[in-house]
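Beneath this line is the structure, given in structure tokens, with notes to follow.
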Amino acid sequence: SWQSTCMACTGSGVQIPSAPQTNMNLRYIREIFKQTKDLIGSQSGIAIISIIQVPYVVKQLGPSKYGAVVILIAVASLIFRATHSNNSDAHLLALKEGSSYSTESLVFNLLTGLISFLICILFFSNSIILNSSIGDYFSAEILTSTLIVYLCSRVVQTFSETAKALLIYKNELRKYSFLEFSTVCVRFFAIIILLFNNPSVENYLIAQSIYGFTYGILGIFLVYKYDNIKNINLVNLKEYFKLIKSSYKKIRYDQIIGLVPQHFDVILLGIIIDIQVVGIYQFAKRLVEPINYLVVTFNPWLQSQLKTQLNEFKINTFFKQILVPIFIFLGLIYSIFGDKLILIFGNTDFLNSYQPMLILFIGFSAYLLTFWIRQLLLFNDLIEYHAYGRIIYSLVFLVLALFLGKTYSASGIATALSISMILQKAFEYLIYRKKIK
């Protein structure tokens with residue numbers, strides 16, 4: 001019987017969970033799946049699309065062109081993310097105060113987008129990066145037309161931050177999933193069609209522009225559907241700015257500090273080594289991207305839980321029963337089938353991605369296992385400690401990258417990124433233990 005088996009195993013030193021405990025664990029997992037099934041479905045679809053898209057882009061463009069476009073987009077992302085990334089968090093905290101301010105949020109995102117646009121124009125007009133080997137891939141036509149269209153799409157894309165906050169606040173996670181998945185599908189088909197006709201950097205930017213415009217316009221539509229979009233009122237706009245000022249400053253501080261290792265890794269590789277190594281490194285980074293998709297899946301769900309039951313949510317149960325099994329499963333996949341994944345999704349030109357991929361997996365796993373700490377810090381008004389962790393992250397990365405990059409190439413940058421990520425998460429965990437738990 002179950003009881004006699006348990007007694008025998010316990011007597012021999014083996015711990016076996018009781019039947020009621022096992023049933024509780026299964027019920028918990030089923031409940032989490034029920035609540036996140038739409039997010040899981042959308043992110044699984046996005047992961048599958050990425051698995052198909054990345055090798056297609058890499059094969060069409062080749063390592064050098066792929067490395068060049070990665071650097072170009074990284075520079076633009078660095079600037080745009082500095083002003084508006086995670087604006088949805090600031091708006092979500094404003095919604096908790098009981099007012100909508102959707103119109104004001106859209107205006108605010110537009111302003112941050114326009115500021116980023118102007119900074120990008122100044123940078124690309126005067127950047128020394130265009131006088132290096134990277135500049136060989138960017139014609140004057142791209143810099144005056146296609147790049148400007150791409151940057152305009154990034155401005156429009158900022159409207160999605162308002163939509164994401166509103167959908168999380170209203171627990172419309174299915175619509176949130178639709179917003180994420182449908183726009184990625186649009187980008188996928190645009191990339192396939194445009195690169196099939198002409199595999200160029202210019203066409204890749206056009207495909208990304210279609211994605212940005214779609215994301216932003218669909219975001220406006222969803223805001224209009226779930227809230228009232230009013231005429232712009234300066235009084236309300238000032239009230240909104242005052243309401244989000246504190247949280248926005250903390251989030252911006254947090255985001256800007258973290259941008260250095262997030263995007264500067266590929267820029268640094270392009271400067272100190274060459275574009276082809278950038279392509280190999282970025283391919284390795286793409287292979288571990290499913291970990292990011294998991295975090296993106298759980299983040300909106302976790303935020304929707306914490307906004308109503310901040311002190312009741314059992315984070316330890318979520319960690320042990322959901323995150324740890326996922327980590328073990330992915331670890332087995334990457335360690336056993338890693339080289340085969342490279343050949344399936346790339347070709348022999350990218351076999352050098354194997355070691356950087358495994359190194360990056362270690363760092364990204366630390367991120368997966370502890371991503372929830374940031375959300376707890378956010379809802380406990382302690383987000384500045386996440387920023388302090390990112391200071392550690394950025395400083396350690398820069399120091400290690402400069403020492404390891406030239407000597408160990410892509411693997412050196414991957415090692416610097418993983419070590420800095422682990423140290424950041426260790427610091428955040430200590431803050432969690434001290435300030436929250």
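Of everything listed in (1) open to solvent by 10 Å² or more (accessible area, probe 1.4 Å); (2) in a helix (DSSP H, G or I); (3) touching a residue at least 12 places away in the same chain (Cβ under 8 Å), the single unmet condition for P199 is (2). In the range 271-296, the residues that are under 16 Å from I46 (Cα atoms) form Cβ pairs under 9 Å with partners that are modelled with pLDDT of 80 or more and not in a helix (DSSP H, G or I), at six or more places apart or across chains, as follows: L294/F371; V295/F371. Taking the residues in the range 359-387 that are open to solvent by 50 Å² or more (accessible area, probe 1.4 Å) and within 19 Å of the chain's Cα centre (by Cα) as candidates, determine which candidate is farthest from A414 (Cα to Cα). Filtering first and then ranking leaves Y367. If you go through the range 224-253 and keep only what is closer than 25 Å to Y176 by Cα, hydroxyl-bearing (S, T, Y) and open to solvent by 70 Å² or more (accessible area, probe 1.4 Å), you end up with just Y224. All of (1) modelled with pLDDT of 75 or more; (2) touching a helix residue (DSSP H, G or I) at 6+ places or on another chain (Cβ under 7 Å); (3) of a type outside the set (S, T, Y) hold for P63 with one exception: (1). Pairing residues of the range 33-44 that are open to solvent by 60 Å² or more (accessible area, probe 1.4 Å) with residues that are not aromatic (F, W, Y), at Cβ distances under 8 Å and at least 6 apart in sequence or on separate chains, gives F33/I40; Q35/L173. Taking each residue of the range 350-370 that is farther than 17 Å from V54 by Cα and looking for partners that are of a type in the set (D, E) with beta-carbon atoms closer than 7 Å, six or more apart or interchain, yields T370/E428. Cβ-Cβ distances below 9 Å connect the following pairs, each with a first residue in the range 145-171 that is free of Cβ contacts under 8 Å to residues at least 40 places away in the same chain, a second residue that is not charged (D, E, K, R), and a separation of six or more residues or different chains: I148/F117; I148/I121. The set of residues in the range 202-223 being open to solvent by less than 10 Å² (accessible area, probe 1.4 Å) and touching a residue at least 24 places away in the same chain (Cβ under 8 Å) consists of L205, S209, G212, G216, G219, L222, V223. Checked against the criterion of being of a type outside the set (K, R) and surrounded by fewer than 23 Cβ atoms within 10 Å (Cβ to Cβ), the candidates L92, L111 yield just one match: L111. Of I280, I256, all but one fail to be open to solvent by 10 Å² or more (accessible area, probe 1.4 Å), among the aliphatic types (A, V, I, L, M), part of a helix (DSSP H, G or I) and at pLDDT 80 or above; the exception is I280. Could you tell me which residue of the range 174-196 is nearest to Q60 (Cα to Cα), considering only residues that are polar (S, T, N, Q) and open to solvent by less than 20 Å² (accessible area, probe 1.4 Å)? Ranking the candidates gives T183 first.
The values are calculated or read from the model by the stated rules, or taken from the named source; none is laboratory data. Quick caveat: nothing in here was measured; it's all calculated off a predicted structure. Cβ coordinates were reconstructed from backbone atoms using ideal geometry, including for glycine residues, and neighbour counts include every protein chain displayed. Side chains included, ligands, DNA and RNA excluded: accessible areas come from the protein's heavy atoms. Shrake-Rupley method; radii C 1.70, N 1.55, O 1.52, S 1.80 Å.
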